[in-house]
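Just below is one structure, and these are the notes that go with it.
The values are calculated or read from the model by the stated rules, or taken from the named source; none is laboratory data. These numbers were taken from a predicted model, which means no experiment stands behind them. A quick note on method: Cβ atoms are made from the backbone with ideal geometry, for glycine too, and the neighbour counts reach across all protein chains shown.
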Amino acid sequence: MKRWVRKTLVLLFTIVTFGLVSPPDILLADENTSGPSSQESTSTVAIFSDPYHDESNFIETFIAKAEKQSFEKFGNRIGPVIEDEFKSIIFPKMEEVIRHFLKVEKENFEHVMISSKPSGGKSEKIFHIYDEKTGNDLIRFHVRVDHPPQEGYWFNFHYHTYHDHFQTHYHLGKIYWDRNTPPNWMTH
């Protein structure tokens with residue numbers, strides 16, 4: 001199969017599945033090698049570093065994965081309750097940060113990835129964006145449960161960046177839960 005056809009099919013397969021499913025081995029095999037083991041990963045990293053790839057498709061795929069991770073974090077008990085506010089208030093701000101970061105930082109980091117799983121329980125992590133080559137986090141998107149006196153429970157969405165060693169909380173917004181304690185993250 002011609003190389004450009006294979007690359008196009010891998011790209012389309014990755015976009016359609018949001019990078020969650022690996023393309024078939026036949027598409028990954030190179031004529032010069034014995035199998036796909038020598039191929040670069042077909043994750044979003046390969047797309048981002050591929051000069052023939054449209055940058056906007058990469059960013060859209062990345063943002064779709066970020067939204068999916070967010071709702072995985074919320075689980076079935078929190079997600080349906082805060083979905084509308086999250087999509088209209090919080091996620092557009094997250095998306096803006098991600099778009100800006102990927103466009104500005106692409107010169108500094110060739111292999112940018114999004115973490116594969118949010119944390120459950122009481123932990124804050126929604127997803128992290130990291131440099132695959134070094135394994136170092138670049139941006140950390142978190143949600144914290146706040147309980148101000150007499151006000152009930154709030155979900156405080158924020159992010160941290162590597163620029164200041166993750167010290168500053170960059171506020172994205174808050175969503176009110178209820179006076180009752182919210183369930184743990186990822187509760188179904």
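Please verify whether TRP154 is touching a Gly at 6+ places or on another chain (Cβ under 9 Å) and part of a strand (DSSP E or B), treating the condition exactly as stated. Answer is no for this residue. Selection within the stretch 125-143: residues that are more than 13 Å from the chain's Cα centre (by Cα) and of a type in the set (Val, Ile, Thr). The member of this set that is modelled with the lowest pLDDT is THR134. Looking across the stretch 178-188, just one residue is in a strand (DSSP E or B) and of a type in the set (D, E, K, R), and that is ASP178. Mind checking whether some residue in the stretch 82-105 is in contact with a Gly (Cβ under 6 Å, 6 or more places away or on another chain), part of a helix (DSSP H, G or I) and surrounded by fewer than 16 Cβ atoms within 10 Å (Cβ to Cβ)? Among the residues of the stretch 82-105, at least one is in contact with a Gly (Cβ under 6 Å, 6 or more places away or on another chain), part of a helix (DSSP H, G or I) and surrounded by fewer than 16 Cβ atoms within 10 Å (Cβ to Cβ), which makes the answer yes.
Among residues of the stretch 159-177 being part of a strand (DSSP E or B) and out of contact with any Phe, Trp or Tyr (no Cβ under 6 Å at 6 or more places or on another chain), the one that is surrounded by the fewest Cβ atoms within 10 Å (Cβ to Cβ) is HIS171.
Please go through the stretch 86-125 and pick out each residue that is free of Cβ contacts under 8 Å to residues at least 60 places away in the same chain and touching a helix residue (DSSP H, G or I) at 6+ places or on another chain (Cβ under 7 Å). Across the stretch 86-125, the qualifying residues are PHE91, GLU95, ILE98, ARG99, LEU102.
Could you list, in sequence order, the residues of the stretch 170-188 that are free of Cβ contacts under 8 Å to residues at least 60 places away in the same chain and under 22 Å from LYS87 (Cβ atoms)? Scanning the stretch 170-188 gives HIS171, LYS174, TYR176, ASP178. In the set LYS122, LYS117, only one residue is under 12 Å from the mean Cα position of the chain (by Cα) and loosely packed, with under 14 Cβ neighbours inside 10 Å; that residue is LYS117.
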